[in-house]
1. Got a number for residues in region 45-65 being of a type outside the set (Asp, Glu) and either farther than 23 Å from Thr113 by Cα or modelled with pLDDT under 95 (or both)?
2. Of the residues Lys87, Lys100, only one is basic (Lys, Arg), without any contact (Cβ under 8 Å) to a residue 12 or more places away in the chain and surrounded by fewer than 16 Cβ atoms within 10 Å (Cβ to Cβ); which?
3. From the residues in region 113-129 that are free of Cβ contacts under 8 Å to residues at least 24 places away in the same chain and under 24 Å from Tyr57 (Cα atoms), which one is surrounded by the fewest Cβ atoms within 10 Å (Cβ to Cβ)?
4. Provide a single number: the residues in region 36-53 that are surrounded by fewer than 12 Cβ atoms within 10 Å (Cβ to Cβ) and either without any contact (Cβ under 8 Å) to a residue 12 or more places away in the chain or closer than 17 Å to Asp90 by Cβ (or both).
5. Based on what the data block shows, is Leu51 on the phi > 0 side of the Ramachandran plot and not charged (D, E, K, R)?
6. Looking at (1) surrounded by 14 or more Cβ atoms within 10 Å (Cβ to Cβ); (2) without any contact (Cβ under 8 Å) to a residue 60 or more places away in the chain; (3) among the polar types (S, T, N, Q); (4) in a strand (DSSP E or B), which is the only condition Gln76 fails?
7. With respect to Thr96, is the statement that it is of a type in the set (Val, Ile, Thr) and out of contact with any Lys or Arg (no Cβ under 9 Å at 6 or more places or on another chain) true?
8. So, of the residues in region 67-95 that are more than 13 Å from Ala29 (Cβ to Cβ) and of a type in the set (Lys, Arg), which turns out to be modelled with the lowest pLDDT?
Amino acid sequence: MKLMLTLVLFSFSALVFAQEDAAAKVSWAIENGDALTLQDMMMSSVDLSILDDEDMYPADEAVRKLSSFFKQHPPQSFTVKHKGTSKLDDHYRIGTLQTKKGTFRVTFFLKKTPSGMMIKQIRIEEDED
């Protein structure tokens, strides 16, 4: 019984760590303007919203759009302000992206898949604070 309880707790801890690790990797990529790292973590299609451009894009097209945004707005820092889990069990982070041309609110959702946590959605909006 103790062994089973230990295995359950270990499995739960590993799952929580994997979720935090994925979110940290996405946060790092955003802060560094590294769209290629984001591509490695994207589902085959991503709900992408960058300012007024919003649609569902294949991962490769989403990366091109993110790369273009990062070139126009070179990132300086990204700070996660809020994190949580949606009703669909997707994990999300909301943060502030400081760039050389302004401040933006960034939200991303990670979905559990058989191959790990994958980016389901990214939103980049003007920061109204």
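1. So the count comes out to 4.
2. Working: Lys100 fails: without any contact (Cβ under 8 Å) to a residue 12 or more places away in the chain.
One residue alone meets the criteria, Lys87.
3. Pro114
4. Count: 2.
5. Spelling it out, Leu51 is indeed on the phi > 0 side of the Ramachandran plot and not charged (D, E, K, R).
6. (1)
7. Details: of a type in the set (Val, Ile, Thr): yes; out of contact with any Lys or Arg (no Cβ under 9 Å at 6 or more places or on another chain): no.
When the stated conditions are applied, Thr96 does not pass them.
8. Only one residue tops the list, namely Lys87.
The values are calculated or read from the model by the stated rules, or taken from the named source; none is laboratory data. This one's a predicted model, so the numbers in the text were calculated from it and none came from an experiment. Cβ sites come from the backbone with ideal geometry, for glycine too, and all protein chains shown count toward neighbours.
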